[in-house]
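Data block below; observations after.
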Amino acid sequence: MEKFYTLRALPYDFRALAPYISEEQLTLHYTKHHQAYVTGANAILEKIDKARKDQTDLDIKATARELSFQLGGIRLHTLFWQNLAPAGKGGGGLPGGDLAKAIDEEYGGFDRFKKEFSLAATSVEGSGWAAVSYCYRTGRPLIMQIEKHNLNLFPGLPILMVLDLWEHAYYVDYRNDRAKFVDAFWQIVNWDAIGKRLAAAVAEVKG
């Protein structure tokens with residue numbers, strides 16, 4: 001087991017999501033911002049290890065808060081890259097199978113789901129994410145807004161789908177037009193990956 005975090009490889013090359021996410025935008029987002037959360041989390045772990053070795057006190061409250069932020073950045077970015085795919089090559093279109101059924105049952109159809117998710121995404125205050133989680137108890141796919149990387153999460157629920165709404169996710173391509181970025185997202189969303197996450201969550205309940 002690794003004691004520190006690493007930056008996982010993208011499942012496609014830096015040009016694969018163009019024109020919806022440009023090579024420049026994707027490269028900057030992945031190599032600078034995602035990497036920064038990996039670096040930040042590892043720096044905190046090293047600080048913890050050193051304090052324990054030297055028998056010095058830590059500001060536990062501040063350390064735990066900062067580690068939560070950095071780990072949230074790692075986890076959400078990793079999920080984000082995985083739920084994207086090149087347009088027409090796994091990205092875009094409509095969900096199928098059990099995922100489509102779950103959306104239909106909860107939202108009354110894909111159009112309503114898309115509208116609600118897009119509204120959640122465009123109305124995130126400041127820096128944050130729009131996400132879909134799965135409730136083990138009710139079997140419902142629920143939309144949530146995540147502030148920064150770690151606030152307003154529905155406790156204990158697995159995340160099926162995420163959209164990064166920090167400005168660093170879209171500013172190169174869309175400047176301050178977040179709504180245009182949200183529209184572009186629907187052209188590259190990887191429903192197969194999201195469907196597999198739903199299947200895993202359902203299987204965990206049954207198992």
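Taken together, the values in this text are just the output of simple stated rules run on the coordinates, not laboratory data. Since we're looking at a predicted model, the values are computed, not measured. Glycine also receives a Cβ, built like all others from the backbone with ideal geometry; neighbour counts cover every protein chain displayed.
Kindly give the semi-axes, whole Å and largest first, of the ellipsoid equivalent to segment 23-82, taking each as the square root of 5 times a Cα gyration tensor eigenvalue.
Numbers: eigenvalues 160, 24, 12 Å².
Each semi-axis is the square root of five times an eigenvalue, giving 28, 11, 8 Å.
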- request: Beyond 23 Å between alpha-carbons counts as too far, so tell me which of LYS61/LYS148; LYS114/LYS206; LYS89/LYS114; LYS32/LYS53 fall in that bin.
  value: LYS114/LYS206; LYS32/LYS53
query: Quick one: Cα centre-to-centre distance for segment 1-33 and segment 147-171, in angstrom?
result: 17 Å
Between helix 191-206 and the chain: long-axis angle, C-alpha atoms, 0 to 90°, nearest 10: 70 degrees
field: Alpha carbon convex hull of the chain, projected area averaged over orientations, nm²
entry: 12.8 nm²
task: Project the alpha carbons of segment 67-144 onto their principal axes and report the range along each, largest first, in whole Å.
output: 38, 33, 25
message: Angle check, please: helix 110-122 long axis (alpha carbons) against the longest principal axis of the chain (alpha carbons), in degrees 0 to 90, nearest 10.
response: 40 degrees
- line: Output ordering of 136-144, 56-64, 81-89 (per-residue mean of other Cβ within 10 Å, highest first) is 81-89, 136-144, 56-64
task: Treat every Asp and Glu Cβ in the chain as -1 and every Lys and Arg Cβ as +1, leave all other atoms uncharged, and give the resulting dipole magnitude about the Cα centre to the nearest 20 debye.
output: 340 debye
